[in-house]
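*Asks:* Here it is, the structure, as structure tokens.
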């Protein structure tokens, strides 16, 4: 713990943000700092389109709305849902009910009165217009996130605080009917439907911006928990294949009422030496290229399908699919010379299926050009996650540039332009693979080739790698 004490010494506000296309393991690190350091854990963007997986009491838990720090409520850690979020009340109460069932408390939960409410008509609109990836669709999660943010920007959204003034709520809903005539919802019926949800959360609803300012002035240790990833940010991502909130460092801070300059330590999470993407949009290093993107967009290619297709043994226990991540056939796929099959092998080895959507995540080698872009927006300090998932890999690659048709020189700067990203070919450097990293406890004892790749990553991106994750559990971590 000495390295942790050194890292956080003098720090009062820390952020944990994804530097890629999401799904990098932010939940584990939010849980880590919640357990050992934080007084307050706050989330400020997105809604239940996120899925943060943590290990609590030896069991895997996936939170879609609640911050990962909620697992430390008994210790007095405050969990805060910020003004920048969009909240599906039904899903929120389902998560709280799960906590009740497991004997976990949430007495220190705070919910912003200014957060937006995801309404049934938002979900209906999303399912009709945005979910399919076919024919170039963005592959929305269908949770109503985008339409809810649209209403927020159009200044007609329903805020959490509106739920407690029936007159204002009905007036707003009557105006909203004009924008969604095809939904044909009854205002009185919808208000009655919302009442029991509002009643159950009323004691947790606060002016969280004022609370955050109070925490800061009292020098409380505050952890900002990011959602999604920088390359999905509406401001900085590969538009239009992005989410509807700004999940950069700046957006995450604004979403809880703080300024990014308030942050003493900004930590960017990077999946390494592979990365993933869910939904449509460019992924320059994708293994299998267009074939993989098309395959992952089609229905029916979930985890069980792939296990059956490649004849890998599995069991279904309490509704969950269980299999040996290091199965011999998975290792063979992971080392296949066929890039598409190699991508499948990495997906199976790392269990890369959406925590929210269950969709297969597209896989590719870590893009250092994109990481350099993230370093300029989200800060210098980075953590590498999930390298242990590729134990048994014979060799791996990192992308240090792009080849553009008609140009002799290698491009070493990222562009969020989708046409550019779809047109480039990655320029790789190859490294020797490695064995079981889960047994390694010190940075100096990591395999030589793996450490060399990190040196190259740091030199190219200008980042400082402060930690390497070596497993899913909270303490499976090497702090430098």
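*Asks:* Considering each of 322, 341 in turn, give the residue that is farther than 30 Å from residue 10 by Cα and out of contact with any helix residue (DSSP H, G or I) (no Cβ under 9 Å at 6 or more places or on another chain).
*Replies:* 322
*Asks:* Moving to a separate point now. Could you say whether any residue in region 68-80 is at pLDDT below 90, within 14 Å of residue 225 (Cβ to Cβ) and in contact with a helix residue (DSSP H, G or I) (Cβ under 6 Å, 6 or more places away or on another chain)?
*Replies:* Within region 68-80, one or more residues are at pLDDT below 90, within 14 Å of residue 225 (Cβ to Cβ) and in contact with a helix residue (DSSP H, G or I) (Cβ under 6 Å, 6 or more places away or on another chain).
*Asks:* Only one residue in 172, 184 is free of Cβ contacts under 8 Å to residues at least 24 places away in the same chain, surrounded by 16 or more Cβ atoms within 10 Å (Cβ to Cβ) and either not assigned by TED's automatic domain parsing to the domain that holds residue 94 or not in a helix (DSSP H, G or I) (or both), so which one is that?
*Replies:* Criteria check complete, one pass: 172.
*Asks:* Still on this structure, please answer the following. For residues that are without any contact (Cβ under 8 Å) to a residue 12 or more places away in the chain and part of a helix (DSSP H, G or I), scanning just region 100-128, find the one that is surrounded by the fewest Cβ atoms within 10 Å (Cβ to Cβ).
*Replies:* Looking at residues that are without any contact (Cβ under 8 Å) to a residue 12 or more places away in the chain and part of a helix (DSSP H, G or I), I get 101.
*Asks:* Do we have residue 243 as in contact with a helix residue (DSSP H, G or I) (Cβ under 9 Å, 6 or more places away or on another chain), buried (at least 24 other Cβ atoms within 10 Å of the Cβ), outside the structural domain of residue 150 (by TED's automatic domain parsing) and in a loop (DSSP other than H, G, I, E, B) here? Don't jump to the end; show me each part of the working.
*Replies:* Working: in contact with a helix residue (DSSP H, G or I) (Cβ under 9 Å, 6 or more places away or on another chain): yes; buried (at least 24 other Cβ atoms within 10 Å of the Cβ): yes; outside the structural domain of residue 150 (by TED's automatic domain parsing): yes; in a loop (DSSP other than H, G, I, E, B): yes.
Considered against the rule, which asks whether it is in contact with a helix residue (DSSP H, G or I) (Cβ under 9 Å, 6 or more places away or on another chain), buried (at least 24 other Cβ atoms within 10 Å of the Cβ), outside the structural domain of residue 150 (by TED's automatic domain parsing) and in a loop (DSSP other than H, G, I, E, B), residue 243 comes out as yes.
*Asks:* Taking residue 324 as meeting all but one of (1) within 24 Å of the chain's Cα centre (by Cα); (2) surrounded by fewer than 19 Cβ atoms within 10 Å (Cβ to Cβ), write down the number of the exception.
*Replies:* (1)
*Asks:* Still on this structure, please answer the following. Residue under question is residue 370, and the condition is that it be at negative phi, buried (at least 18 other Cβ atoms within 10 Å of the Cβ) and either touching a strand residue (DSSP E or B) at 6+ places or on another chain (Cβ under 7 Å) or at pLDDT below 95 (or both); does it hold?
*Replies:* Details: at negative phi: yes; buried (at least 18 other Cβ atoms within 10 Å of the Cβ): yes; either touching a strand residue (DSSP E or B) at 6+ places or on another chain (Cβ under 7 Å) or at pLDDT below 95 (or both): no.
For residue 370, the condition - at negative phi, buried (at least 18 other Cβ atoms within 10 Å of the Cβ) and either touching a strand residue (DSSP E or B) at 6+ places or on another chain (Cβ under 7 Å) or at pLDDT below 95 (or both) - is not met.
*Asks:* Still on this structure: Working only within region 37-55, note down all residues that are surrounded by fewer than 24 Cβ atoms within 10 Å (Cβ to Cβ) and either modelled with pLDDT under 95 or within 12 Å of the chain's Cα centre (by Cα) (or both).
*Replies:* Answer for region 37-55, where residues must be surrounded by fewer than 24 Cβ atoms within 10 Å (Cβ to Cβ) and either modelled with pLDDT under 95 or within 12 Å of the chain's Cα centre (by Cα) (or both): 51, 53, 55.
*Asks:* Another question, if that's okay. Provide a single number: the residues in region 9-26 that are buried (at least 24 other Cβ atoms within 10 Å of the Cβ) and either part of a helix (DSSP H, G or I) or free of Cβ contacts under 8 Å to residues at least 12 places away in the same chain (or both).
*Replies:* 1
*Asks:* Checking residue 307 against (1) touching a helix residue (DSSP H, G or I) at 6+ places or on another chain (Cβ under 8 Å); (2) over 26 Å from residue 465 (Cβ atoms); (3) without any contact (Cβ under 8 Å) to a residue 24 or more places away in the chain, which single condition isn't satisfied?
*Replies:* With respect to (1) touching a helix residue (DSSP H, G or I) at 6+ places or on another chain (Cβ under 8 Å); (2) over 26 Å from residue 465 (Cβ atoms); (3) without any contact (Cβ under 8 Å) to a residue 24 or more places away in the chain, residue 307 is out only on (3).
*Asks:* Please enumerate the residues belonging to region 196-227 that are in contact with a helix residue (DSSP H, G or I) (Cβ under 8 Å, 6 or more places away or on another chain) and part of a helix (DSSP H, G or I).
*Replies:* Correct list: 197, 198, 200, 201, 202, 216.
The values are calculated or read from the model by the stated rules, or taken from the named source; none is laboratory data. Bear in mind that the values here come from a model prediction, so they are computed numbers and not experimental data. Quick reminder, even Gly has a Cβ in these numbers, built from the backbone with ideal geometry, and neighbours come from all protein chains shown.
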